[in-house]
Structure formats: structure tokens, C-alpha cells
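The next block holds one structure in the form of C-alpha cells; read it before the comments.
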Amino acid sequence: MKLHYVPLLQLEREIQGLPRNYVRFRHYLRTIFTSDGKGLELPSLLAMNPMGKDHVTALLDGLLTLDADRVAARAVSEASSRLRDQPGDVQVALVIVDDLMGGWTNRYADEFTFRFRCGGPTGRLPRWLQHFWVTAVLWSSEPPSEQAVREAILTAVYRMAYVAQHGLARTLRDMLAQEGNVMVRAGCSGPVLDADDIAYTREVLIPYLDADDMRTAIECLFGDAAARTLGFTPRGLSPWAGLALALHDAKASARRRTLAPSGGLS
């Protein structure tokens, strides 16, 4: 698979630097669309809030200071090497999604879409796209760091590769398997729960493993705090409970595979 990192942070910062009025919005539209207005030049920028406030500017400045595009490009190069046996030609971009003060953005609904509703680089592109794009997301509610950049890039890329091989996750069971695989490959350190909470979460999720609706998935994967923001049903789960379980189980599975050849486990 050929992965090409497209640095957009400076472009996002330039848009942020304009007055927060229609002048900015018009410049944003000219930036994302092709010159004839019939296609998308930079589709990943659809995820950003073109009218973001000062907190987005501060986050972009922080990312530019730590040279986040360099960190992201290295991560893309690493992933490209690991995925060299898979087909595809993909543009990868890093974009801030404004979940802090973006009036139309719900973190968990958007995150569900990024994780489970984006396909792989297969089939014909729609006529308004020239390339297949993967959008790696940083959230405006979280501080900038090299680790956050790296995990954003690697999870987005490995998720795309996983979906290309296995198809879109349909049930909660599929979603847990996908995200566990993706987070382990990306070297994610969290989310993490203690042993008792892992056992409790597993027990709560068992009846819903074959559920295929967005509401149940958000309640189980993201926990009660997320469910309440959308008027969903709290199920007594910690923040990111289902994702923590997915990562825990994927790590345990990886350890078993590592030990099996030496006779430690079978």
C-alpha cells in the first residue's frame, strides 16, 4: 500500500488566522474544493470547524511548535512499510475536529463515524474525488502531544487497512475486534481500566455483542458519560469502557500468540 502524507496543519492555521466571518468561510470553501467547484481537492478538511474560536488557534500553534507534521509523516512512513503487501494508494491527512466549542459536533457521534463508517480503498472513487483519503483526527478538547499525533495517524491508517480486509464492522462484536486490532497495531497505551472494571464491562457487554445499532454501540464502547450527551441509556459503564476492554483483550491475544511458539501457551 502506498501512503502519502499531506500536511494540512499550516493550512488550517492560515484559515484560523482570518477574521471569523464570511471572509474566512469563503476562503475555506475555496480551499477544499477544486477550482471548477465540481470536486473536493482536500476532503479531509470537511472534518474541521471553519469558524473555530481561539482555542483551535492555540491548539494549532502548539502542534506546529512540536512539528506535528514531521511526527505524522514519520508515522505514515512506518505504516506504509508495514502495509506494503496490501494494495491501495492513499492520501493521509491530520485534522483538528472541534468537539469543544463546535456547535454541531458531538464527540461521540463523530468518533463513531470515524471509527466505523469509513471504508477502505477499494472500488471506484466517486466522481468528486481524485484520490482516496484517510483523515486522522485530533480533538480540540485534548492537549497537543507527539504521542497523540502518532496514535491518531496510526489508528486511522491501520483501521482503513483492517476495513479493506474485513469490511465494515456491523455488530458490537465486530467493532470490538476491529478496534482492539487497530489499537494494538498502533501501540496505543489506552484507554485502560482496572481488572475489576474490565470484568464488569465484559459482563455488561455480553448481551449486546450481536447488536448492530449505533445507539447500543456508543453506549457500550464509549460509556455512560458519552451516552448522556446524546440522550442514550447509561449502562453503568466507565468512560471508554468498551474500547478499554477491546484493547485489553487484543493485548492478551497478542501475548498468547507470542508465547505459543515457545511452548508457553497454546
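The values are calculated or read from the model by the stated rules, or taken from the named source; none is laboratory data. Owing to the predicted nature of the structure, the values given are computational and were not obtained by experimental measurement. Note: ideal-geometry Cβ built from the backbone for every residue, glycine included; neighbour counts use all protein chains shown. For the accessible areas, the whole protein counts, side chains as well, though only heavy atoms, and no ligand, DNA or RNA atoms are used. Shrake-Rupley method; radii C 1.70, N 1.55, O 1.52, S 1.80 Å.
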Sort out for me the Cα centre separation of region 178-220 from region 19-65, rounded to whole Å. 34 Å
Angle in degrees between helix 107-116 and the longest Cα principal axis of the chain, rounded to the nearest 10: 70 degrees
Roughly what % antiparallel, to the nearest 5, for the DSSP beta bridges in the chain? 10 percent
Just to be sure I understand the model, the point goes 7 Å from the Cα along the line to the Cβ. What's the resulting residue 145 to residue 194 distance in nm? 2.1 nm
Cα-Cα P(r), region 150-248, percent of pairs per 5 Å interval: 2, 15, 23, 24, 20, 12, 3
Have a look at 146, 111, 203 and tell me which one the Gaussian network model of the chain (Cα, springs below 10 Å) gives the largest fluctuation. 203
Angle between the Cα long axis of helix 195-205 and the longest principal axis of the chain, 0 to 90 degrees, nearest 10? 80 degrees
If you stretched the chain out fully between residue 258 and residue 85, how much longer would it get, using 0.36 nm times the residue separation minus the C-alpha to C-alpha distance? 60.1 nm
Relative to the longest principal Cα axis of the chain, at what angle does helix 241-259 sit, 0 to 90 degrees, rounded to 10? 60 degrees
Please build a GNM for the chain, connecting alpha carbons under 10 Å apart, and tell me which residue among 69, 213, 174 fluctuates the most. 213
With R₀ set to 25 angstrom, the calculated FRET efficiency between the beta-carbons of residue 2 and residue 127, to the nearest 0.05, is 0.65
Mind checking the full-extension length gain between residue 203 and residue 233? Use 0.36 nm per residue of separation minus the Cα-Cα distance, one decimal, nm. 9.1 nm
Rounded to whole Hz, the Karplus (6.51, -1.76, 1.60) HN-Hα couplings of region 169-178, x for glycine and proline: 5, 9, 9, 4, 4, 4, 5, 5, 5, 4
At a threshold of 8 angstrom on Cα-Cα distance, excluding pairs fewer than six apart, so keeping six or more, what relative contact order does region 1-140 reach in percent? 37 percent
How would you order 117-125, 55-63, 25-33, 11-19 from highest to lowest mean count of nearby Cβ atoms within 10 Å? 55-63, 11-19, 25-33, 117-125
Residue 118-residue 213 FRET efficiency (beta carbon distance; Förster radius 22 Å; 0.05 resolution): 0.75
Shape call for region 1-97 from the C-alpha gyration tensor, a ≥ b ≥ c root eigenvalues: rounded (a/c under 1.5), prolate (a/b greater than b/c) or oblate? oblate
Using a/c under 1.5 as the rounded threshold, could you call region 115-192 rounded, prolate or oblate? The axes a ≥ b ≥ c are square roots of the C-alpha gyration tensor eigenvalues, and prolate needs a/b larger than b/c, oblate otherwise. oblate
A convex hull over the alpha carbons of region 23-181 yields, per residue, a volume in Å³ of 127 Å³
By how many nm would the segment from residue 27 to residue 57 grow when fully extended, if each residue of separation counts as 0.36 nm and the alpha-carbon distance is taken off? 9.1 nm
How high is the FRET efficiency between residue 106 and residue 251 when r is their beta carbon distance and R₀ equals 30 Å, given to the nearest 0.05? 0.55
So with the 1.4 Å probe, I'd like the accessible area per residue for region 20-82, rounded to whole Å². 51 Å²
So what is the calculated 222 nm ellipticity per residue for the chain, using -39500 (n - 2.57) for each DSSP H run with n of 4 or more, over all residues, to the nearest 500 deg cm²/dmol? -16000 deg cm²/dmol
List the chymotrypsin sites (Phe, Trp or Tyr not before Pro) within region 83-114 that fall in a DSSP loop (any state other than H, G, I, E or B) and whose Cβ has at most 16 other Cβ atoms within 10 Å. 104
For the chain, evaluate the Debye formula with one uniform point scatterer on each Cα (no solvent term) and list log10 I(q)/I(0) at q = 0.11, 0.15, 0.16 Å⁻¹, rounded to two decimals. -0.66, -1.19, -1.33
